[in-house]
Structures are given as structure tokens and as C-alpha cells.
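Single-structure report; data block below.
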Amino acid sequence: MLALFRKYVLSMKNIRYYILISFLTILLLLEAKSSSIQSLESEIIAKSGSANTTTTESIFKELYKDIDAASYDLSYEAFHYAMLGYIAMVENKALDNDEVITIIDFTKDSCKKRFYTIDLSEKKIVFNTLVSHGKKSGSNVCTKFSDIPESHQSSIGFYTTGNTYIGKHGKSLRLHGNERGYNANAYKRAVVIHGADYVSDNFIKSYGRLGRSFGCPALPMGEHKEIIRKIKGGSLIFAYYNDTEYLQNSQLLKEKDSKNLIATL
């Protein structure tokens, strides 16, 4: 831990001291047990009351570089919004597993690997693969989203992962939507992560696009079990789309909230 901190002191030596305080906190929180999170937050919030958007951006951009996100074609915009939501949910004690976050970038077409799981404690992308969208959200590219039951559309926003079960698609992972009006009906709609044969390069070669689901973010067979093991039990999933209304209205992305929440990093 001290070695990592020294690294950041050296690499960020021209950045104001409160940025170093904030970044040390993300390293500490990722290794801390849940019982110690509250005391850490209280201490750092007291020390970094001047944290602001510039601080947030500096930390996010450094972490974005560390995980080599650009080489995986993970957009900074998707990463930035995912991290803002992550901060808010850590502050709200809403994540039982805060060491990983998953981003689904629905701005990309279905032939692209648009599913990313980031191990924050290791600071690397551990999974990058194909993922389906709802059949009524669009053909190869998503254009519509809904949280209405039987809509067969994907939903955007922040989710937390639940428990696993064996269903008609084999091993599956329940999802809980955290945003009313966008994905709060996910559990009721049985929107889950599961494996599917139609999520594969072979399907793309045959049909020119990925297969589609009834709204579930389905993953390739052979990969889904390992991914589920990694992200189950209360980690964050962010389904991103550049929807202006959502980005302006999401309570987890409100600028007024994020300024003080940087202390949780």
C-alpha cells in the first residue's frame, strides 16, 4: 500500500495536496473491510472539504490511464459516469462488493466487445467481452430503452448484482435496478446476466450482428460463469448510453452530490 502511495506522490507531484489525500483514500477503501469504511470516510471528509470537480477529474483520469482503458476501447465518458455513480453508492453503503465495477457501453454496436469488468483493487480490466441487448431496443445498435415489463428492451443506469441461481439458461445472476424510471423494475422483469449461444463471434459472422435477448445482458457461453463468480454479491453494474435526459436527471450523477463524495475515494 505504501509503495502504491509513493508511486502516486511521484507521478502527481505537481498536483495540489488534497488530490493526493483523495487518491490515497480510494486505495485504502478498496482494501478496507466494510466495518472500517465509515471511519475512513469521516476522517478523509474532514481533511478534504475543499474537494471539487477538478480533483475528481484528475483522479478519474489517472485511474483511467492505470487500467489502460483506452487500449480496450472503453470510452472515458462511460468510465467517468460509472465512477461518479460508484462514489455515490459507496457513500450510501449500497455496495457489498466494492472492489469491482462493470460497465456496459450501449453506445457501441453489438458486434463490439462492450462489456467491461474492472478490478479496482488490482487496477486492471479483467473481463472485456460481447454482451446482448433487448430485441426491441434495436437491431445491431441500441436506440430505445425501457423499464416497462414485457417491453423486451434493455434498461440503462446503475444496478447492483444479487445472488446466483440455476434457471433455463443455466447459471444466472440476478440484478437489482437502483434508478426509478430507468431500471428499478429489473428484478420484476427477470433481467439477469446469463450465458447464451447467440452471444458469439460465430453468430455475428452468420447474421451480421449479435443475437438479442428479452432485455437481459446475456454473455458468451464459456465466459459467463467466471464473470458471474467475479461480480456477484453486490457489485456495481453501469449500463451506459449517451441519453441526455438520463445523464441530467440521474440522482447518482448529480454534480452537487459528487463534489463531497470524492472523499470516499
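The values are calculated or read from the model by the stated rules, or taken from the named source; none is laboratory data. This structure is a prediction, so every number in the text was calculated from the model and none was measured. Don't worry about glycine lacking a Cβ; one is built from the backbone with ideal geometry, like all the others, and counts go over all protein chains shown.
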Report task. Considering only segment 58-79, state which residues are of a type in the set (Phe, Trp, Tyr) and either crowded, with 20+ Cβ neighbours inside 10 Å or modelled with pLDDT under 95 (or both). Result -> 60, 79
Report task. For segment 217-230, indicate whether the set of residues that are in contact with a Gly (Cβ under 6 Å, 6 or more places away or on another chain), touching a residue at least 24 places away in the same chain (Cβ under 8 Å) and surrounded by fewer than 22 Cβ atoms within 10 Å (Cβ to Cβ) is non-empty. Result -> yes
Report task. For residues that are within 16 Å of residue 134 (Cα to Cα) and small (Gly, Ala, Ser), tally how many sit in segment 153-176. Result -> 3
Report task. Tell me, yes or no, whether segment 128-139 has at least one residue that is part of a strand (DSSP E or B), in the same structural domain as residue 190 (by TED's automatic domain parsing) and farther than 20 Å from residue 176 by Cα. Result -> yes
Requested in this report: Spot the failing condition for residue 200; the list is (1) out of contact with any Pro (no Cβ under 7 Å at 6 or more places or on another chain); (2) farther than 28 Å from residue 89 by Cα; (3) of a type outside the set (Lys, Arg), and only one is missed.
Outcome: (1)
Query raised in the report: Among (1) over 23 Å from residue 234 (Cβ atoms); (2) not in a loop (DSSP other than H, G, I, E, B), where does residue 104 come up short?
Result: (1)
Query raised in the report: When segment 194-239 is examined, which residues are found to be under 17 Å from residue 165 (Cα atoms) and of a type in the set (Asp, Glu)?
Result: 223, 226
Query raised in the report: Inside segment 106-129, can you point out the residues that are crowded, with 24+ Cβ neighbours inside 10 Å and closer than 13 Å to residue 75 by Cβ?
Result: 106, 114, 116
Query - Options 85, 157; residue that is of a type outside the set (S, T, N, Q), under 16 Å from residue 191 (Cα atoms) and in the same structural domain as residue 200 (by TED's automatic domain parsing) - result: 157
